[in-house]
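Q: Pasting a structure here, questions to come.
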Amino acid sequence: MLIPHPLLGLRDAQEFTYLGDARLIERPTSGSEADLAEYVYLRDNPAGVHRELWFHEQGDRSWLVVTRNTLTHEILGAELARDVSLARKGETA
Amino acid sequence: MPDLSPLCALGAATPRRVTHGALTLTETPDCGLASLALRRDTPPPALDLPGPGRWQTADGLTLIWTGPGQWLVELPGAAETDVATTLAGKVPGASITEQTDGWVLYEITSSAGAAPIERFLERAANIDLTRFAPGSATRSPIEHLGTYVLRRAEDRLGIWGMRSAAESLWHALDGIAARLVSRG
């Protein structure tokens, strides 16, 4: 499986470590215990398109948000998690 | 003060060198290394810094991109000097850490042009050779050891690996080069 790294081009998936659902970026800031419990414990488990965090551990050590189809393993895109996070902060600011 | 004798990473007083067919592997202990990271408030450096997947020389240094805002810097022939201070003078305000003694550098040269280097590389690392022309540098595992691989020229590679695994990395590289000869 090849992952289209936004900076380095196609890189082999074995260079990456998988973390899981990209919604981990969206840590709640409301202070509500229920929101935090949901953030920590509850995940969607979609059969189909899923956004996930991958770490380029054997490469440039950047975190990526990879969009992958969990049924076909097709990789639909990859972005730097940093950019995703900054864009999100820009929206909420 | 005891009388100390410096040793190379592979344990001998002189650097190891071996030739298999067209390829020559050379341990290169005299190159200094430091890491460079630009901080949010670092003034824009006067040095020209390479972009992702590239290396370039500037002001007697070889700069290797290692990640967003981060580089490794080679100071050829300066391993026995204070490389962090030298680099800090050239890039004021950046985060700089001396790395020389944590790493080992092997240079691989070919006496028969690019072909032996490319045959070597396609066995050693999972690197797309169509995107690895001279001027390219990337981090890639070689036999499970994290390394930085630099394409210095068509017929020349530099490979930085962990000094604590110097012998293991040499064994991997030496074996690949030897098998290229024995299998033709």
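The values are calculated or read from the model by the stated rules, or taken from the named source; none is laboratory data. Bear in mind that the values here come from a model prediction, so they are computed numbers and not experimental data. Counting neighbours? That spans all protein chains shown, and the Cβs are built from the backbone with ideal geometry, glycine included.
Q: Of all the residues that make up segment A:5-41, how many are free of Cβ contacts under 8 Å to residues at least 24 places away in the same chain and part of a loop (DSSP other than H, G, I, E, B)?
A: So the answer is 6.
Q: Among the numbered criteria (1) crowded, with 16+ Cβ neighbours inside 10 Å; (2) in contact (Cβ under 8 Å) with a residue 24 or more places away in the chain, which one does A:Arg68 miss?
A: Here A:Arg68 clears every test but (2).
Q: Filter segment B:137-184 down to the residues that are among the hydroxyl-bearing types (Ser, Thr, Tyr) and modelled with pLDDT under 95 and list them by number.
A: Once the filter is applied, which keeps residues that are among the hydroxyl-bearing types (Ser, Thr, Tyr) and modelled with pLDDT under 95, segment B:137-184 yields B:Ser140, B:Ser182.
Q: Another question, then. If we only count strands (runs of 3 or more DSSP E) wholly inside segment B:32-148, which ones have 1 or more residues that are of a type in the set (Lys, Arg) and within 14 Å of chain A (Cβ to nearest Cβ)?
A: B:137-142
Q: Filter segment A:7-31 for residues that are facing another protein chain (nearest Cβ under 9 Å), surrounded by 14 or more Cβ atoms within 10 Å (Cβ to Cβ) and touching a strand residue (DSSP E or B) at 6+ places or on another chain (Cβ under 8 Å) and give the result.
A: A:Leu7, A:Leu8, A:Arg11, A:Asp12, A:Glu15
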